[in-house]
1. Using 0.36 nm per residue, how much length does the chain from Q33 to R66 gain when fully extended, once their Cα-Cα distance is taken away?
2. Spelling out what I want: for every residue of the range 46-53, take phi, set θ = phi - 60°, compute 6.51 cos²θ - 1.76 cosθ + 1.60 (Karplus), and round to whole Hz; glycine and proline get x.
3. For A61, what residues show an amide H to amide H distance below 5 Å, using hydrogens built from the backbone and excluding near sequence neighbours?
4. When each pair of different Cα atoms in the range 32-81 is counted once in the 1/r mean, what is the Kirkwood radius in angstroms, to one decimal?
5. Taking H placed 1.01 Å from N in the peptide plane, check which residues at least 5 places from M80 or on another chain put their amide H under 5 Å from its amide H.
6. Note down the net charge around L67, summing +1 for each Lys or Arg and -1 for each Asp or Glu among other residues with Cβ under 15 Å from its Cβ.
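What follows draws every value from the coordinates through simple rules; no lab data is involved. A quick note: this is a predicted structure, and the numbers were derived from the prediction, not measured. Virtual Cβ from ideal backbone geometry, glycine too; neighbours counted across all protein chains shown.
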Amino acid sequence: MTRDTMPGDAPLTQAGAALRTLSAADWAAFGLQQMAYIRPVLVNGVRGMAIHAADGTPIGAAPDARLAMAAILQHEMEPMWMH
């Protein structure tokens, strides 16, 4: 077994080897443009769903989870739940 293989596995692909070189900042930005998460919020006594980018930046809101997820999908992102 070497640094680039695991027992019973083939050697890492070129892409897999490249992932090992990512910095902490690279990992923090990983998926930033592809994922958004929703979480329940209460604003002025009204329940709704906040929409955030993967890094936590608020990017929108919706009155319910169904509409929040639809908005995320419409922008070609993958919705995630935050609880």
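1. Additional length available on full extension: 9.8 nm.
2. Going residue by residue, I get 10, 6, x, 10, 8, 10, 10, 5 Hz, with x marking Gly and Pro.
3. The answer is I51.
4. By the Kirkwood definition, the hydrodynamic radius is 10.5 Å.
5. The list, which skips near neighbours in sequence, is A36, Y37, I38.
6. Working: positive: R39, R47, R66; negative: D64.
Here the count lands on +2.
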